[in-house]
Amino acid sequence: MPFIGRVFIRNTNIWKAYLDHDRQEKALRASGLDWTIVRPVMLTDEDYASYIVTNARATAPKISRKGVAKFILDSIEQGKYIGECVTLNR
């Protein structure tokens with residue numbers, strides 16, 4: 001995370017949400033269930049359903065809600081990304 005982001009998080013109450021976020025992910029990973037953590041970048045209401053799966057920094061900093069829904073359905077139907085964290089963008 002860039003320095004400015006760390007300072008912002010530390011100086012606001014957002015750090016509490018980040019702590020809870022980490023606890024949730026640890027519980028999910030330890031659950032014994034099949035799971036996929038989906039991290040979409042900025043959500044939009046645009047009318048497209050395409051997506052790019054990456055484990056790196058997003059190249060296009062937004063994705064439509066339809067794109068996220070399509071990814072979730074595709075990954076369930078195909079049995080892909082089980083036990084992975086994925087970042088989605090378009």
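The values are calculated or read from the model by the stated rules, or taken from the named source; none is laboratory data. Only a predicted model underlies this, so the values are computations on that prediction, with no experimental measurement involved. Cβ sites come from the backbone with ideal geometry, for glycine too, and all protein chains shown count toward neighbours.
What to note about this one:
- Residues of segment 76-85 classified as surrounded by fewer than 13 Cβ atoms within 10 Å (Cβ to Cβ) and under 13 Å from ARG39 (Cα atoms), total: 0
- Only a single item in (1) surrounded by 10 or more Cβ atoms within 10 Å (Cβ to Cβ); (2) at pLDDT 90 or above; (3) not assigned by TED's automatic domain parsing to the domain that holds ILE63 is not met by THR44, and it is number (3).
- Sole residue being among the hydrophobic types (A, V, I, L, M, F, W, C) and buried (at least 16 other Cβ atoms within 10 Å of the Cβ), chosen from LEU73, LEU19, LEU88, LEU33: LEU88
- Among residues of segment 17-29 that are within 14 Å of CYS85 (Cβ to Cβ), those with a Cβ under 9 angstrom from a residue that is not in a helix (DSSP H, G or I), sequence gap 6+ or separate chain, pair up as GLU25/ILE37; GLU25/CYS85; LEU28/TRP35; LEU28/ILE37; ARG29/TRP35; ARG29/ILE37; ARG29/GLY83.
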